[in-house]
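Written below as structure tokens is the structure these notes are about.
Any read-out appearing in this document is the output of simple, stated calculations on the displayed coordinates, not a laboratory observation. As the structure is a computational prediction, the values presented were derived from the model and not from experiment. Quick reminder, even Gly has a Cβ in these numbers, built from the backbone with ideal geometry, and neighbours come from all protein chains shown.
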Amino acid sequence: MGTTAIAQMSLATVTDQKKQRQRASKSLSNARQRCTNPKDKDYANYGAQGIKVLITLDGLIAAIGLPPLKASLDRVDPHGHYEAGNVRWASKAVQAANKKSSPAGSIAPLHTLIAQQKFIVEEEQRRFKVAEAWQLLSKAFNCGTSSETANARLIELLEIKHSAREIFGSREMIVAGEKRTIFRFPALTFPQGIVDARGPLQPAPDDERARKYLHHGLLFGLRDLESPTNIPDLLRTAINQLLHNHDRPGLALVGRPSGGDLTSGWFEIWMLAAASRLVTCDVRPAFFPAMTCVQLLKDIGGPSNWDQNHHPLLDARLLFIPDFQLDCGPWGHLSPHQFGMLERLLRYRTEMSQQTVVGVQAPHKLSVPLQKIILGAFRVEPIANGTRPSIM
């Protein structure tokens, strides 16, 4: 992708994302009014009933992301407070059926269940689209250019507006006295966010190496990177210990992002930089978003085919999955079937003596079999527990 083409692209305009944040702020402000102002028309059903707002705006956005269109703030348990784990963005139909006065009580009627499932499916598709966009941008950065077809696909996937002024791509800046390129990606771990990777300005020197890096999900421009901005010391140390001690099948990085975490890349960039760097250390690494893993497993076929397939997803010495499990409302939802696919992948890699590094924001929301694998067998490293997301 040329510099000019990249400069014309963005995930959303700064104005758009500010408006979404303002909508979130207004929703939370309205909730506070219902809970604290006796003059509010809804106070009797909220504040008078002991309902409280126990979450900040930044905490709200970190927990469930920015509000989708035609959705407003709702409590999962209508008897509970506005707090992390009990808030979501929901349509008016879902909210109406979820009120305490609803005849269905806490058991939603069929039309509400359908609306909820539709919302989850739409968010799941958005995650697939962001994962595909990530791969397209990786190809552009590795090759130094991108086709018009790929550019058009990016616009379609990320709903990029031609009037956007936010740069979605690469730009040069001085980091620690050295010239670096900022590689801008759509966030895999936070809805509608943007993350930056920092590295030298250099695509792969030839098509063969560009294809190799893309096949493994890596970024050539980060292969020689030593900067702790992209690879925190804690992560570097944990990976080194994992590689030298084969008694653990993997590493789980647990926590929610803080503002500083997202600015420096959070799970996706930390892992991408670490994986790309390991190529120079004679380690066969690979990096794939969770939804890319799901799609690749569909393409490869069932476990009975895995021994006959040679793909980095299956046989990389160290596989990085940054968004293995999220905690951002429907954005973080995985179906039981998808959880099952990822469980089989981890078990297979363990049997083949290959190790895996995963990013997990809320371990208790994993399926029981995955909890047993990740919390019982993996090395678990609490890496952050912030709340303030960075909305670019």
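Here is how the numbers come out for the structure above:
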| item | result |
| --- | --- |
| Fewest-first ranking of 364, 311, using other Cβ atoms within 10 Å as the exposure measure | 364, 311 |
| Exposure proxy ranking, count of Cβ atoms within 10 Å, fewest first, for 266, 306 | 306, 266 |
| Burial order of peptide ranges 202-212, 76-86, 338-348 (average beta-carbon count within 10 Å, highest first) | 338-348, 76-86, 202-212 |
| Taking 356, 280, 145 and counting other C-beta atoms within 10 Å, the order from fewest to most | 280, 145, 356 |
| Within straight-line cross-link reach of residue 129, lysines at Cα separation under 21 Å, skipping those fewer than 8 residues along the same chain | 70, 118, 139, 161, 298 |
| Nearest-20 debye value, segment 296-373 charge dipole, Cβ charges on Lys, Arg, Asp, Glu | 140 |
